Amino acid sequence: MAEFLTARIDLHLQERLAALHRDLDGLAAQAARALAEAGLRRVVLGGGALLNERLHDGLVARLGADRVLTPRRLPCNDGGLALGQVWVGARQG
């Protein structure tokens with residue numbers, strides 16, 4: 001019985017994750033249309049979700065921009081935000 005329940009939980013989780021990826025793909029498609037309509041060919045991406053390589057790569061591919069800028073030297077999640085807060089605090093003395 002425990003194996004059956006575990007399999008059901010795993011299936012439910014997989015279905016929810018698939019739905020999330022479909023939703024994100026739909027949002028990326030809307031963003032791609034907005035970029036095209038505005039004649040923009042460059043985009044800047046940030047946020048902790050971009051640490052997910054699959055999500056990052058899929059989003060970059062879907063947007064179809066000539067240039068996609070993402071953080072390289074600093075983390076794109078709360079770690080980068082905290083570093084920025086330290087920098088502002090240090091400048092304010």
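The values are calculated or read from the model by the stated rules, or taken from the named source; none is laboratory data. In this text the structure is predicted, and so the values were computed from the model without any measurement. Surface areas here come from the heavy atoms of the whole protein model, side chains and all, with no ligands, DNA or RNA. Shrake-Rupley method; radii C 1.70, N 1.55, O 1.52, S 1.80 Å.
Values for this structure:
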read-out: Whichever residue in the stretch 67-89 is open to solvent by 80 Å² or more (accessible area, probe 1.4 Å) and among the aliphatic types (A, V, I, L, M) and, among such residues, is farthest from Ala49 (Cα to Cα); value: Val86
read-out: One residue from Leu40, Leu11 being open to solvent by 60 Å² or more (accessible area, probe 1.4 Å), at pLDDT below 85 and not in a strand (DSSP E or B); value: Leu11
read-out: Leu5 being open to solvent by 40 Å² or more (accessible area, probe 1.4 Å), part of a loop (DSSP other than H, G, I, E, B) and modelled with pLDDT under 85; value: no
